[in-house]
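**Q** To start, I am sharing the structure in question, which I have written as structure tokens.
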Amino acid sequence: MSELKEKNAIVTGGARGIGRAIVRMLAEQGAAVAVFDVAFPEDFESFAKELRESGMRIEAFPVDITDADAVEESCTRVAKDFGSIDILVNNAGITRDKLLLRMGDDDWDLVMKVNLKGAFLMTRAVAKTMVRQRKGKIINISSVVGVMGNAGQANYAASKAGMIGLTKSTAKELAGRSVNVNAIAPGYVETEMTHVLSDEQREAFLSVIPLKRGCSPEEIAHTVSFLASEKSDYITGQVINVDGGMIM
Ligand code: NAD
């Protein structure tokens, strides 16, 4: 319950889906959480209120992670108001799926900008504080698709593979300052993002999952909370597949 007591976290894309499950779990373990998102659904306030009533600190920051100035400004504000930034979860991500021959430049650029450049901008902004603190945990939410590739997702797969490169390079650069950087590669998780998949696409995913079921957002959040805690102090530069055995 108090594993992350007195820790301060930023979770991007934390307004819904996997991000929201991560926000809840970090808060339940004692962390104060700044939620960075471009769009807060109507029920976000009641979600935050419920946690606040149990004594948890949750603050919503309307930030587009592709906007370098907004990212810098908001990270500076968190460091000042919360007192430190101990945990960064780069979770915000989008898809614009199309077969390669039909993929427009805009589909490519937007996905790379949000998923990869956004994670870079957040990491650069937060790393300044973490290096100064000589402590920190950065957790990047990649995807099995970044490791295996997937037809119709060249843009998304490239962005998620890029996140793995970002993870390993940043891990090497920041290790000397006790900042750990790891990635999680989820498989198929039931969220608004995957609700748009057709029955055939869903079946195709399930047929290659040895555990024969999709992942819950909470199962990703459990791995995040482990990587955010002192229990993972000797782990850096790794990609942890949380995928029911899709990749072995
Ligand atoms: P989601 O679409 O439900 O949530 C994504 C959140 O990111 C939203 O709240 C959205 O508003 C926010 N966001 C989008 N663009 C943003 C921007 N420019 N700035 C700030 N916030 C922005 O998606 P999800 O399924 O919860 O996925 C979360 C992460 O997990 C993503 O990075 C996704 O690629 C990854 N992932 C998901 C699955 C899955 O099966 N759902 C599998 C593997 C990896």
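Nothing in this text is a laboratory measurement; each read-out follows from the coordinates by a stated rule. It should be emphasised that the depicted structure is a prediction, and the values quoted were computed from it without experimental measurement. Cβ coordinates were reconstructed from backbone atoms using ideal geometry, including for glycine residues, and neighbour counts include every protein chain displayed.
**Q** In terms of modelled amide H atoms, which long-range or inter-chain residues lie less than 5 Å from the amide H of VAL239?
**A** When sequence neighbours closer than 5 places are left aside, the close amide H contacts are ALA183.
**Q** Is the shape of the stretch 1-82 best called rounded, prolate or oblate, per the rule: a/c under 1.5 gives rounded, else a/b larger than b/c gives prolate, else oblate, with a ≥ b ≥ c the square roots of the Cα gyration tensor eigenvalues?
**A** Oblate shape, in that a/c is at least 1.5 and b/c is the bigger or equal ratio.
**Q** Now, a different point. What pairs in LYS5/LYS137; LYS117/LYS168; LYS160/LYS231; LYS49/LYS135; LYS80/LYS128; LYS5/LYS231 have C-alpha atoms more than 23 Å from each other?
**A** LYS160/LYS231; LYS49/LYS135
**Q** Just to be sure I understand the model, the point goes 7 Å from the Cα along the line to the Cβ. What's the resulting ASP67 to LYS135 distance in nm?
**A** Inter-label distance under the simple model: 3.3 nm.
**Q** If you average the sequence gap of Cα pairs under 8 Å that are 6 or more apart and divide by the length of the chain, what percent do you get for the contact order?
**A** Averaging sequence separation for qualifying contacts and normalising by length gives 19 percent for the chain.
**Q** While we're looking at this one, here's another question. Please list 3J(HN,Hα) in residue order for the stretch 217-224, calculated via the Karplus relation 6.51 cos²θ - 1.76 cosθ + 1.60 where θ = phi - 60°; whole Hz, with x for glycine and proline.
**A** Working through the residues one at a time gives x, 5, 5, 6, 4, 4, 5, 4 Hz.
**Q** Residues with amide H under 5 Å of LEU88's amide H, sequence separation 5 or more or different chain, H placed in the peptide plane at 1.01 Å from N; which?
**A** ILE10, LYS137, ILE138, ILE139
**Q** Give me the extension gain from GLU42 to SER178: residue separation times 0.36 nm, minus the current Cα-Cα distance, reported in nm with one decimal. Kindly include the intermediate steps, with their values, before the conclusion.
**A** Values: separation 136, 0.36 × 136 = 48.96 nm, distance 3.86 nm.
That pair, GLU42 and SER178, stretches by 45.1 nm at full extension.
**Q** Based on the Cβ-Cβ distance of HIS195 and ARG52, what FRET efficiency does E = 1/(1 + (r/R0)^6) give at R0 = 30 Å, to the nearest 0.05?
**A** Once the sixth-power term is evaluated, E becomes 0.60.
**Q** Let me ask something additional. What is the packing order of peptides 5-12, 224-231, 206-213, taking the mean over residues of other C-beta atoms within 10 Å and listing the highest first?
**A** Highest-to-lowest ranking by the protection proxy: 5-12, 224-231, 206-213.
**Q** Which order do the peptides 54-66, 18-30 come out in when sorted by mean C-beta neighbours inside 10 angstrom, highest first?
**A** 18-30, 54-66
**Q** Another question, then. If packing is taken as the average number of other Cβ atoms within 10 Å across a peptide's residues, how do 71-79, 85-93 rank, most packed first?
**A** 85-93, 71-79
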